[in-house]
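Below is one structure, written out as structure tokens; comments come after it.
What follows draws every value from the coordinates through simple rules; no lab data is involved. In this text, all values refer to a predicted model and were calculated from it rather than measured experimentally. All Cβ positions, glycine included, derive from the backbone under ideal geometry; neighbour counts span all protein chains shown.
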Amino acid sequence: MPRLLCEHVGVDTLLVMAAPMDADGNFSLGVSTDYVHAVAHRAARVLLEVNPNMPRVRGQCQVPLSRVTAVVEHASPLAELPQAPRTPADQAIGRIIAGLTADGACLQMGIGALPDAVCAELAHHRHLGIHTEMMPNGLAALIQSGAVDNSRKQTHAGVSIFTFALGDRALYAFLDDNPGVEAYPVSYVNDPCVIARNDNVLSVNATMQVDLSGACNSEFMGGRQYSGIGGQVDFVRGAYASRGGKSIIACHSTAAGGTVSRICLDLSGPVTTARTDIHMVATEFGCVQLKGLSLDARARALIGIAHPDFREDLERGAGSAASSPAPTSPPGRAERDRFRSITGSSRLLKMLLRHCGQAPVTPEQAGVLGESASFVMGARAQESGRSLQSHKSHAKRVCDLPRARCHATPKRLAERFCGVAAQPGRAITAGTRAEHRAWRRFRHKITPTDFYRSVCIPDRPCRTAVRDMGRRFYSKKSAPGAPG
């Protein structure tokens with residue numbers, strides 16, 4: 001976010017709330033250091049609303065007077081986030097995670113009743129540390145209980161680190177001029193490499209859905225964007241890279257009053273944290289470790305911590321998904337019209353679609369097909385002795401279209417285009433007489449080997465590869481003894 005705002009958005013004027021100036025001429029950003037610190041040192045104009053209710057926080061969170069364009073003094077209460085009531089499921093998850101936490105662990109907690117419940121269960125641990133994006137009420141209470149002393153941290157020993165705080169008035173009073181708490185920019189706090197410098201990092205973040213592969217959706221609900229991704233991915237990766245670290249994604253097993261399972265076959269929104277990053281998933285029915293497991297083993301493990309009312313349906317859905325092949329539907333009318341505009345020939349279109357096995361074609365493959373169609377049309381005209389002007393014009397229109405480079409695998413392209421298995425030396429034979437006559441006009445037979453050697457060149461545009469293919473095939477045709 002800091003780089004996005006500074007380099008791409010280009011903030012001209014920053015208006016931000018700050019604590020009153022200290023004796024050194026600096027204004028503390030208080031509870032909102034995050035990305036504001038970087039923008040305050042890059043923006044052309046910095047306007048400060050100085051609020052005496054903003055806590056003066058230590059660390060790298062000051063704006064010097066020399067960077068300030070104007071100051072407006074205004075006293076107003078800060079926005080508060082009261083603690084949400086904890087449910088029995090929250091408390092059960094808190095006990096499970098606390099049981100996995102050793103003394104001396106370095107904590108990162110997200111927002112909500114569930115992370116607060118984890119903090120409450122950790123009150124009897126000792127020598128805990130804090131390196132977190134958000135400072136919530138639960139972590140502040142844990143510091144005040146004596147469980148946190150930051151003595152075993154490898155970075156910022158003796159100090160709790162955060163980048164923004166959100167809670168009640170008691171939290172803000174606790175942060176004010178507290179030497180044991182410091183705020184730093186989000187580019188530092190959320191850097192996975194910085195997170196991993198501490199040993200035994202415990203990252204706990206809530207989510208809304210987890211599919212049977214382990215991927216989670218933490219931002220989309222009810223058909224709309226519910227929140228941002230925050231620092232979840234950063235701490236998931238940083239905690240797992242830490243020596244002895246654990247990254248835990250936690251959620252209730254159900255939602256909507258127990259009518260919907262949060263462990264599901266498919267996510268209803270985007271993937272926030274990928275299945276390859278997920279380390280552990282916890283519900284009130286247990287916690288499973290997913291690293292190193294196959295997809296089938298992941299599904300079985302996650303079904304084991306789903307609500308019992310939904311396990312049978314999940315097992316049935318997972319079994320049917322594994323046994324059913326992916327459906328392939330023929331191109332629709334709109335797709336056929338799009339290909340017709342590329343190839344310029346309805347007859348050629350039918351031939352090319354048949355060679356693709358009536359399967360959907362990617363834009364990269366469509367480009368290959370369109371350019372190959374231009375080559376076929378030009379070859380027909382040249383052998384018939386007719387004027388090439390119309391075919392050259394069409395070929396120029398096709399080849400001038402912006403083409404993505406061909407990133408498809410040689411085997412897949414050969415199978416899609418040729419309609420045969422990608423076996424070296426096996427020739428293409430058309431399925432109908434019309435197609436057979438069309439391909440015979442090349443005076444040769446194209447093998448999949450020839451095709452993907454000529455077309456699937458990763459570092460060259462498709463159209464150049466197709467032209468090279470044409471030159472090679474015409475040289476074969478004119479060579480003595482070429483098949484006719």
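Annotations for the structure displayed:
- Protection proxy ranking, highest mean first, for peptides 91-99, 301-309, 33-41: 33-41, 91-99, 301-309, where packing is the per-residue count of other beta-carbon atoms within 10 Å, averaged.
- Length available on full extension from residue 274 to residue 255: 0.36 nm per residue minus the Cα-Cα distance, which gives 4.7 nm.
- Relative intensity, log₁₀ I(q)/I(0), of the stretch 66-163 from a Debye sum that treats every alpha carbon as a point, q = 0.20 Å⁻¹: -0.94
- Here the simple spin-label model places points 7 Å from the Cα toward Cβ, and for residue 289 and residue 45 these points are separated by 5.7 nm.
- Residue 126 versus residue 315: modelled label distance in nm, points set 7 Å from Cα along the beta carbon direction: 4.5
- For the stretch 176-281, the spread of Cα positions along the three principal axes, ordered from largest to smallest, is 47, 32, 21 Å.
- Contour excess over end-to-end distance, with Cα ends at residue 227 and residue 76 and 0.36 nm allotted per residue: 51.7 nm
- Cut-off 11 Å, label 7 Å out along Cα→Cβ of residue 13, residues of the stretch 28-64 by amide N: 45-47
- Label-to-label distance for residue 191 and residue 102 is 2.7 nm, based on points extended 7 Å past Cα in the beta-carbon direction.
- Maximal additional length on extending the residue 170-residue 199 stretch stands at 7.4 nm, based on 0.36 nm per residue less the C-alpha distance.
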